[in-house]
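Okay, structure first, notes after.
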Amino acid sequence: MKISMKNSLVVVAMAALVAGCSSVKVADFDSIQLYTLKNKAGMEVKLTNYGAIITSIKTVDRDGNMADITFGYNDVSGYMNAVDKPYFGAVVGRYGNRIAKGKFTLDGEEYELATNNNENHLHGGKIGFDKVVWDVEIVNKNTIRFTYLAKDGEEGYPGNLSIAVTYTLTENNELKIAYHATTDKATPVNLTNHAYFNLKGEGEGTILDHELMLNAKGFTPVDKGLIPTGEIAPVAGTPFDFTTAKPIGRDIGQKDQQLEYGGGYDHNFVLNKEGQDGQMILAATAYEPTSGRFMEVFTEEPGIQFYCGNFLEGNLVGKSGKAYLHRGGFCLETQHYPDSPNQPQFPSTILRPGKAYETLTIYRFSVR
Ligand code: GLA
């Protein structure tokens, strides 16, 4: 089935793509779909309501050639079965990144979350938002909204959390991701998207030659388990200084305890906010010299996790049959800092009843 109009939303049923997932209920089989947003410039973004995942982003290089620049699979089973849970393109939550030992205290009550990353809680737990089927609303020809109700107690979190993630592809080659959530009990919330990018094209070698700028004078150092120590350290004079664009690979081989703990870059950068919290700023840019592709990330969040695919080992083969190499893709996950529920000095991630969690991230693509 294909409902297609020029410059419009194309809906393609993904029924064929779930063959072999016999553990999934029939209702879920029927409800997993693939959606395509296309703009007049020809940029195309594919999304599925399984995990609210971005499965594909096609943009032109400086010669006008299209390539898919984000990691993913051609079928839902790929996402369900990927070893080492890479979270390709998914919305992660209820809490993006780690919460130490899966524990936190809120309003005098101690909560215990599912632990799925050694002793820690990562990206929402065992069945995070990346592994559930979301409801879908086609808002207009450029915009699609995924909604999900995370139940009180799910993965150990308090409160029924009602979430909406709205993706818009603009005529300026921007992919806007608007997050919205409300709760009936106080709960931590930290939503982000875990897309991996390689601006040469997915599966085209490593990203070490991409020139990255991070608008951050500080970062949050971590311990061996990748839990922040609580300190905000200056990047100046360290391999973490991306305040002026430099190739990702330039300093990654330096002897540095933080690089050692992360196996490379896998850190939260503290964004330079001059005004009040919640203002939209340019957080990061990435440039790939051979294709000329340039990417900008804007966010209202106070932090960004720069992860350069250190856990990829080349054993995952993506949608075009190419292996995703060690450091074959990078993620720029806009977020609040990891482990904030246990770090009172970090900006708060607690959402209370009667308030709305609202945050916008924009990925903008162009060529240079
Ligand atoms: C995040 C984490 C990494 C890793 C990836 C998923 O970005 O910070 O440590 O767990 O997700 O592989």
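Quick notes on this one:
- Note on region 313-368: with charges restricted to the Cβ of Lys and Arg (+1) and Asp and Glu (-1), its dipole about the Cα centre is near 280 debye.
- Just checking the listed ones, Q279, Q258, Q335: in the Gaussian network model of the chain with Cα springs under 10 Å, the one fluctuating most is Q279.
- The sum of -39500 (n - 2.57) across all DSSP H runs of n ≥ 4, divided by the residue count of the chain, sets its helix-only mean residue ellipticity at 222 nm to -1000 deg cm²/dmol.
- Within region 284-303: backbone nitrogen closer than 16 Å to the D251 label point (7 Å, Cα to C-beta): 285
- Around I227: net Lys/Arg minus Asp/Glu count, Cβ-Cβ under 11 Å: 0
- For a label point 7 Å along the Cα-to-beta-carbon line of S320, residues of region 47-63 with backbone N under 12 Å: 57-61
- Full-extension gain in nm, K217 to K141, via 0.36 nm per residue minus C-alpha separation: 23.4 nm
- Each of T187, A216, I138 was placed along the dipole of region 136-253 (beta-carbon charges, centred on the mean Cα), and the one lying farthest toward the positive end is I138.
- Placing +1 on the Cβ of every Lys and Arg and -1 on the Cβ of every Asp and Glu, with no other charges, gives region 209-281 a dipole of roughly 60 debye about its Cα centre.
- Whether the chain is rounded, prolate or oblate, judged on the alpha carbon gyration tensor where a/c under 1.5 counts as rounded: rounded
- Here K103 is the anchor, and the lysines within straight C-alpha reach of less than 26 Å, apart from those fewer than 8 places off in the same chain, are K85, K126, K131, K151, K185, K224, K355.
- Placing a pseudo-label 7 Å from each Cα along the Cα-to-Cβ vector at D184 and E112 gives an inter-label distance of 2.5 nm.
- Full extension of the chain segment joining T244 with L149 gains 30.1 nm, where the gain is 0.36 nm per residue of separation less the Cα-Cα distance.
- Here the dipole of the chain is about 880 debye; that uses its Cα centre as origin and unit charges on the Cβ of Lys and Arg (positive) and Asp and Glu (negative).
- Placing unit charges on the Cβ atoms of the charged side chains and taking the dipole of the chain about its Cα centre, the candidate lying farthest along the positive direction among Y157, Q335, G318 is G318.
- Count Lys and Arg as plus one, Asp and Glu as minus one, and take only other residues whose Cβ is under 15 Å from that of Q257; the net charge is then -4.
- Prolate/oblate/rounded call for region 211-296, Cα gyration tensor, a/c under 1.5 rounded: oblate
- Spin-label pair D209-E358: with each label point 7 Å from Cα along the Cα-Cβ axis, the two points sit 4.4 nm from one another.
- To put it simply, the accessible area of the chain at a 1.4 Å probe is 50 percent carbon and sulfur.
- Using the Cβ-Cβ distance between F311 and T290 with R0 set to 25 Å, the FRET efficiency works out to roughly 0.45.
- Using the Cβ-Cβ distance between N272 and I350 with R0 set to 25 Å, the FRET efficiency from 1/(1 + (r/R0)^6) comes to roughly 0.55.
- Note on the chain: dipole from Cβ charges, positive end direction compared against N172, T115, F298; the farthest Cα belongs to N172.
- Whether region 83-209 is rounded, prolate or oblate, judged on the alpha carbon gyration tensor where a/c under 1.5 counts as rounded: oblate
- Accessible surface, region 227-350, averaged per residue in Å² (probe 1.4 Å): 38 Å²
- Mean-position separation - Cα centroids, region 145-208 and region 266-345, in angstrom: 13 Å
- Protection proxy ranking of 140-153, 280-293, 48-61, 67-80, by the mean of other Cβ atoms within 10 Å over each peptide's residues and highest first, is 48-61, 67-80, 280-293, 140-153.
The values are calculated or read from the model by the stated rules, or taken from the named source; none is laboratory data. A quick note: this is a predicted structure, and the numbers were derived from the prediction, not measured. Heads up, the Cβs are rebuilt from the backbone with ideal geometry, glycines too, and the neighbour counts pull from every protein chain shown. Surface accessibility is based on the protein's heavy atoms, side chains included, excluding ligands, DNA and RNA. Shrake-Rupley method; radii C 1.70, N 1.55, O 1.52, S 1.80 Å.
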